[in-house]
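These notes are about the structure you will find just below.
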Amino acid sequence: MVTPAPLLVLTDRHQARRPLPAVIAAAVAGGARWVLLRERDLPVAARARLAAELRELLAGVGGTLSVAGADPLGGAAVHLPAAAAPPSGLALVGRSCHDRTELAGITGEDYVTVSPVWPTASKPGYGPPLRPRGLRDLVRFSPVPVLALGGVESAAQVRAVRAAGAVGVAVLGAVMRAPDPAAVVADLLAAATAPPQPQEEPV
């Protein structure tokens, strides 16, 4: 199984410094090729319109839009919460996991996000951060490729999770809150695509 890209950008219009399509357009300009639409609080029709707009942005660069939840909103890629039943007939299915119990329930998903690796306000309620050492244990246990999620904001952190065995990273706040999303994406993507190197765990 292969993920569409080593960097997955998660949306959160409440944290975004600009309108969400503008932030994603900047992220795409910086090299982002895979976006996960969250925005679960939007009405279905508004969320579907947003999905279509973001999908068009990505289509021009051969990118992929995943949608949080079981409804792909006209696409073919979804990202599920830990306990949701997987849909059938889709091109790409991911799942959020936080521990071995949830990873043991993987039944055919293409990848998982494992979180929180570092402290983050976006992932409360899932216990203490895993840090790269805890991530490494879950990567070894996972039957599918793992993207590291939670508190990833620097190239050094990306290198650390790659050294721990993650195939890439999923990033939210670092891109949404950035004055220059393109520069942030380019920096993180360079670290995500470099060959992993053994290193000490960063603080």
Checked Asp110, Asp137 against criteria (open to solvent by 30 Å² or more (accessible area, probe 1.4 Å), more than 15 Å from the chain's Cα centre (by Cα) and at pLDDT 95 or above); the one match is Asp137
Here the residues within region 184-203 that are open to solvent by 50 Å² or more (accessible area, probe 1.4 Å) and either within 18 Å of Leu36 (Cα to Cα) or among the small types (Gly, Ala, Ser) (or both) are Ala190
Only one of Pro119, Pro132 is out of contact with any Ser or Thr (no Cβ under 7 Å at 6 or more places or on another chain) and either in a loop (DSSP other than H, G, I, E, B) or at positive phi (or both), namely Pro119
Filter region 161-178 for residues that are outside any strand (DSSP E or B) and of a type in the set (Val, Ile, Thr); the one that is farthest from Val67 (Cα to Cα) is Val161
Expected single match for in contact with a strand residue (DSSP E or B) (Cβ under 8 Å, 6 or more places away or on another chain), in contact (Cβ under 8 Å) with a residue 24 or more places away in the chain and within 21 Å of Ala186 (Cα to Cα) among Val35, Val23, Val61, Val67 is Val35
So, Val152, is that one modelled with pLDDT of 95 or more, out of contact with any Cys (no Cβ under 8 Å at 6 or more places or on another chain), assigned to a loop (DSSP other than H, G, I, E, B) and surrounded by 24 or more Cβ atoms within 10 Å (Cβ to Cβ) or not? yes
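Pick out the one residue from Ala22, Ala26 that is in a helix (DSSP H, G or I), at pLDDT 95 or above and crowded, with 19+ Cβ neighbours inside 10 Å.
On the way: Ala22 fails: crowded, with 19+ Cβ neighbours inside 10 Å.
Exactly one residue qualifies, and that residue is Ala26.
Conditions tested, residue by residue: (1) aliphatic (A, V, I, L, M); (2) farther than 19 Å from Val146 by Cβ.
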{"residue": "Gln15", "(1), (2)": "no, yes"}
{"residue": "Pro19", "(1), (2)": "no, yes"}
{"residue": "Ala22", "(1), (2)": "yes, yes"}
{"residue": "Arg33", "(1), (2)": "no, no"}
Considering residues that are open to solvent by less than 40 Å² (accessible area, probe 1.4 Å) and in a helix (DSSP H, G or I), the number found within region 29-71 is 7
Filter region 1-15 for residues that are of a type in the set (A, V, I, L, M, F, W, C) and surrounded by 19 or more Cβ atoms within 10 Å (Cβ to Cβ); the one that is nearest to Asp180 (Cα to Cα) is Val9
Task: Some residue of region 132-147 being within 18 Å of Ala32 (Cα to Cα) and not β-branched (Val, Ile, Thr) - done: yes
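Given Ala182, Ala121, which one is modelled with pLDDT of 95 or more and among the hydrophobic types (A, V, I, L, M, F, W, C)?
Only one candidate qualifies: Ala182.
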Per the filter on region 162-183, residues open to solvent by less than 40 Å² (accessible area, probe 1.4 Å) and aliphatic (A, V, I, L, M) are Ala163, Ala164, Ala166, Val169, Ala170, Val171, Leu172, Ala174, Val175, Met176, Ala178, Ala182
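The values are calculated or read from the model by the stated rules, or taken from the named source; none is laboratory data. Since this is a predicted model, take the numbers as computed values, not measurements. Note that each Cβ is placed from the backbone with ideal geometry, even for glycine, and that neighbours are counted across all protein chains shown. Just the protein is used for accessible areas: all its heavy atoms, side chains included, with ligands, DNA and RNA removed. Shrake-Rupley method; radii C 1.70, N 1.55, O 1.52, S 1.80 Å.
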